[in-house]
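Please read the structure below before turning to the comments.
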């Protein structure tokens, strides 16, 4: 236990407070928080759906929860069920084997059920396109409100994309 | 009880030339060919001997690695990769595409079970004596009797507007009073890839687990057909995003072997630097995630912090947080200057310093180890029979590592330490991964110190004729195999990547019996198979 406390003490607080001028975690996060307060009250619940991704997007989504971004402090959190979600963050070209599952997840999400297609594959099928096995873009399967490009998008690009979607509401 | 003498298994397995002799002694006519380039020997055998060859190999402690096909109308070529003490032997045989039939190797190598069913679904090859006739990769996106990897099947296929869910996959039921079933997935609760797990449980105890994968099958192999080598490298980098360096390297290695180019040593060293950085990033992330799955969030906070710093440096130095598209045919797209080398060295030193605090703490922390020890035990015997790879195998005492056992540049002039243990539980796997980070840090330091001068890339030549090559790379999950066939115009006519997850997924089923339901996420994370790399 003592070792743990020592390590925590030595690590200190990571949260980036004094960011360089633009595109920073704090700025983006605070802006998101303001929009979330306007639209949802206090928080934005995200359900992620991997509909066929290579797992690259998921790794960057995980990064949003590390100490540097700590996206929960802005009221954004990932939930386990679509029934608790305000927003679906969907990755991948939609594999045909995932088409029904994605549709089912969408149907299970309460309004306003915003949808973001994340990554180049989610945007237009990316390297995989449309084929016998892939439906391509997320928008080919469910209605999409915003697209965040990148292969994969960085955590900051993700925050930026979420903010842009919220601002437009 | 397993003695340390059992660990000598690998050194007792025959070398590849001896294996060929063993085949001949057993009355299997073999023909050695040099129509495929790379670090493997190719022999062709008659299809009738396909099963017998496996029987001979299995009786001689050979490791089974992969089986795949290639449609060259009117035949389907079938390849199986076997590993001996000093490298790989590829068996090749031909069957007619209209009535493709072959003896199964599964009775001798359980590892062949799913890969053979994959061939059955994708090429229509029927395997005699296969213990499990169920489909594997095909859900409902194409009909029974259609085979996507035949040349007569178009990339577009003829899918329905709406592919129905695969509700009727025939899981093996367990019956008895009090037995209940838990279906999980394909959409999971966390931020992970999709797949389906079917548990049969009694109270808290899991009686059996059956995996049903294939949800993220997106036609990677078919997509590859007709691409040029650069396009293939981009695609290979997205077979499994967490192993982008290793898969791209394997695919490029296969292409480079096929056309017979040798890379500058500096290019190889930078590839290995990228691969070791990828290993470290994934091990860091997963060590944290395993601890998080048993509620030890301190480790998650620390490891995700270290991983983020590592990824930021990837971005600063190599231009991409996950290192995608840095490995290219003919070399790498980025060189390192003196300042960058200094920056990388500094980060190595810092990470090592951090881990000196962190790893001993995790290895010994009582409330964490209480959950990890004796959880999800994979015995050495089971690991061996399933042919599992990478840290999963090494945590059960089976310590293959291509970097040491079948080395390729730049590892061919380095001494590679391969951490291993006999515990076979979640604790052992965590420790092996921690120790592998330390080994990789040493390798990185050595490579940066001895970085050869010269070019980092050579022009990929114009292909002068039909050629085939094999790539073999030790990714962070284990051995990755890539087979590439380029046609006379230099376009890909077949690409097959074999992610280690093919061999590691069945181990999760094997280790889970008797484990309690709440420990499943930990066991799953401690194996961390790739869904995308498996489903293709």
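At-a-glance table
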| item | result |
| --- | --- |
| For chain A, built as a Gaussian network whose Cα springs stay under 10 Å, the top-fluctuating residue of A:89, A:59, A:14 | A:14 |
| Cα-derived Rg over Rh, computed across region B:220-535 with Rh taken as Kirkwood radius | 0.97 |
| FRET efficiency estimate (nearest 0.05) - Cβ-Cβ, residue B:150 to residue B:342, R0 51 angstrom | 0.40 |
| Cα shape, chain B, gyration tensor, a/c 1.5 rule | rounded |
| Diffusion constant of region B:171-238 at 25 °C, which comes from Stokes-Einstein with the Kirkwood Cα-pair radius and 0.890 mPa s, µm²/s | 165 |
| Largest-first principal axis extents, alpha carbons of region B:4-128, Å | 48, 29, 27 |
| Cα-based radius of gyration of region B:357-418 once divided by 2.2 N^0.38 Å, which approximates compact folds | 1.44 |
| Rounded Å value of the spacing that divides the Cα centres of region A:99-169 and region B:284-340 | 25 |
| 0 to 90° range, to nearest 10: angle between helix A:25-40 axis and chain A longest Cα axis | 60 |
| Overall Cα dimensions of region B:175-313, principal axis frame, Å, largest first | 64, 40, 20 |
| Kirkwood Rh, Cα atoms: Rg over Rh of region B:87-213 | 1.02 |
| Stokes-Einstein D in µm²/s, Kirkwood radius over Cα pairs - region B:240-319 at 4 °C with 1.567 mPa s viscosity | 91 |
| Between 0 and 90°, nearest 10: helix A:2-11 axis offset from chain A longest Cα axis | 80 |
| Residues B:128, B:391, B:123, B:153 arranged by fewest to most Cβ contacts within 10 Å | B:128, B:153, B:123, B:391 |
| Cα convex hull of region B:310-437 - mean projected area over all directions, nm² | 10.0 |
| Three-way shape call for region B:448-536 based on the alpha-carbon gyration tensor, with the a/c threshold at 1.5 | oblate |
| Per-residue mean of C-beta atoms belonging to partner chains within 10 Å, peptide B:211-217 | 5 |
| Diffusion constant of region B:60-160 at 4 °C, which comes from Stokes-Einstein with the Kirkwood Cα-pair radius and 1.567 mPa s, µm²/s | 91 |
| Antiparallel bridges, percent of DSSP beta bridges restricted to the protein assembly as shown (to nearest 5) | 70 |
| Whether region B:222-285 is rounded, prolate or oblate, judged on the alpha carbon gyration tensor where a/c under 1.5 counts as rounded | oblate |
| Ascending count of other beta-carbon atoms within 10 Å, so fewest first, for B:307, B:227 | B:227, B:307 |
| Cα-based Rg of chain A normalised by 2.2 N^0.38 Å, two decimals | 1.10 |
| Average projected area [Cα convex hull, region B:385-536], square nanometres | 11.3 |
| Alpha carbon Rg of the protein assembly as shown, scaled by the compact-globule rule 2.2 N^0.38 Å | 0.92 |
| FRET efficiency, residue A:145 to residue A:107 (Cβ-Cβ, R0 22 Å, nearest 0.05) | 0.85 |
| All-pairs alpha carbon distance profile, region A:96-151, 5 Å steps from 0, percent | 5, 21, 28, 25, 16, 5, 1 |
| Shielding score for B:304-313, defined as the mean number of other chain Cβ atoms within 10 Å | 4 |
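Just so you know, all these numbers are worked out from the coordinates, no wet-lab data involved. What you see is a predicted model; the values in this text were computed from it and never measured. FYI the Cβ positions are ideal-geometry reconstructions off the backbone, even for glycines, and counts take in every protein chain you see.
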